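Bear in mind these aren't lab numbers, they're just calculated from the coordinates by the rules spelled out. Note that the structure is predicted; figures quoted are calculated from it, not measured. Because the Cβ atoms are built from the backbone with ideal geometry, glycine has one as well, and the counts that use them run over all protein chains shown.
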Amino acid sequence: MRKVALCVLILIGLVLCASLGNAEDLAGRVKKAVAKSTLDQPGTKPFHLKAELAPSYPRDSESGRTGTVEIWWKSPTEWRREVSCPIFHQVQVVNGARIWQKNDGGYSPQWLQQTAIELIDPLPKLQEALSQIDGADIKHLMGSTYIEWMIPSTNGQVQSWIGATVALTDSTGLLFYDGGFGWGGLFHDYKSFHGRMVAQKVGVGSPEVTATVVILEELNEAAGLFDVPASGGDAPLLQTVLMNEMDARQNLGPMEPVSWPPVKGGPLEGVTTAEIVIDREGKVREVGPVVSANNDLNDFTRQLFEALRFKPFARDGVPVQVLTRITMSFKTARPSQ
């Protein structure tokens, strides 16, 4: 019996060691992929990047998701960025601790800001992703390795989950796709730039927009680009903060009881959830993909979330936009005959 017990312990130890080794290997692969592709990190040669943004699919041609992102970068603490779309234009200059911002438009679209980040920092939540690898679901599909985990959210009564993923192309070791709460992109057409491998096409959001890099060059002349003007900027700065659902719900206005529409198939009871972005006046401006126990209710859920109203949010007394999750339970019936 002692020999059997000893063998079992040895086998368990071997399995644990193998699992630990796999996790360490995956973590190393992810860190290496990020180091290869991140532009805004120490050691990157100063650059000028410009990308043009357009809907990824013809069906979304009326989404209004068009624009440009242009970045002049000297170091992680010295850069200039200009983003624009039909409803918003922003110029931001960072020089050490000094930040200057000028905005034309009262709402900064999350999809636009996220695209600007993903172009130069394809995995902005690296530490979050690394912390999840031990318990992640690992899949190998079509030449890529997928690291998947779940992000929970709750309204205080029911809980829902939205998936997060980091996918690596096995042959190149580069990021193919990643996504989580407030971050993520789809990366194609990598090209070399002074030791970095930079995706020339980056897909973001839903409806998806594709950012196509049209300029990526050395920044040889930067005179005046990073000077922070003494006046003319907007104060306070316009910013979007990530907030958990329970905190965000403290500002949720009164709601009428929801009358869920009848459905022909699928569960009659369950939970539905989505990411939402709330502007500085408390209006929902963006709703991400709806995750529901019954997909027949997705369109209704989207309209329901778009109609929510919140008291304006503030941080340190300054009005802010908020990215959060909303979770609701549903109960419905079959259509009457």
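Would you please give the residues with an amide H less than 5 Å from that of Asp227, counting only those at least 5 places away or on a separate chain, with H modeled from the backbone geometry?
none
Could you list His48, His194 in order of exposure, starting from the residue whose Cβ has the fewest other Cβ atoms within 10 Å?
His194, His48
Looking at the chain, do any whole DSSP H helices span at least 15 angstrom along their long axis by alpha carbon and average -0.5 or above on Kyte-Doolittle, and which?
Working: long enough: 2-37 (53 Å, 0.96); 110-120 (16 Å, 0.25).
Helices meeting the span and hydropathy rule in the chain are 2-37, 110-120.
I need the P(r) histogram for segment 184-290: all alpha carbon pairs, bin width 10 Å from 0 out to the longest distance, whole percents.
With a bin width of 10 Å, the distribution comes to 9, 22, 26, 26, 11, 6, 1.
Would you calculate, for the chain, the mean residue ellipticity at 222 nm contributed by helices, counting each DSSP H stretch of 4 or more residues as -39,500 (n - 2.57) and dividing by all residues, to the nearest 500? Spell out each step's value before the answer.
Working: 5 runs with 68 residues, N = 337.
-6500 deg cm²/dmol, from helical runs alone.
For segment 152-164, just list the computed ³J(HN,Hα) in residue order, Karplus coefficients 6.51, -1.76 and 1.60, θ = phi - 60°, integers in Hz, with x standing in for Gly and Pro.
x, 8, 8, 9, x, 10, 10, 10, 9, 9, 10, x, 10
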